[in-house]
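The values are calculated or read from the model by the stated rules, or taken from the named source; none is laboratory data. Quick caveat: nothing in here was measured; it's all calculated off a predicted structure. Positions of Cβ are generated from backbone atoms using ideal geometry, with glycine treated the same way; all protein chains shown enter the neighbour counts.
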Amino acid sequence: MPERVLGPLPPPAVVAFAVRERARDVLKRGFPRRRGRLTLVRSRDETLAALRSALTDAVIVDLAQAGAEH
């Protein structure tokens, strides 16, 4: 019903704060490219810049430290 009223909805935009390579790889493989926009960032400043540059639907934060592999 929302698409009838608003027209086609834009794909979701997700910012992912991930320092670990494993977490970044999982996010890239798990997020379909044509279904949305995934922006991977490694620092607080990059996160803030990404949030300021475009409307963001979700933020994913990898809480594990860079050296911790699970």
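The helices (runs of 4 or more DSSP H) found entirely in segment 1-63 that carry 3 or more residues being surrounded by fewer than 10 Cβ atoms within 10 Å (Cβ to Cβ) are 2-6, 44-53.
If the condition is being among the charged types (D, E, K, R) and either at pLDDT 95 or above or in contact with an Asp or Glu (Cβ under 9 Å, 6 or more places away or on another chain) (or both), then segment 1-24 contributes Arg20, Arg22, Arg24.
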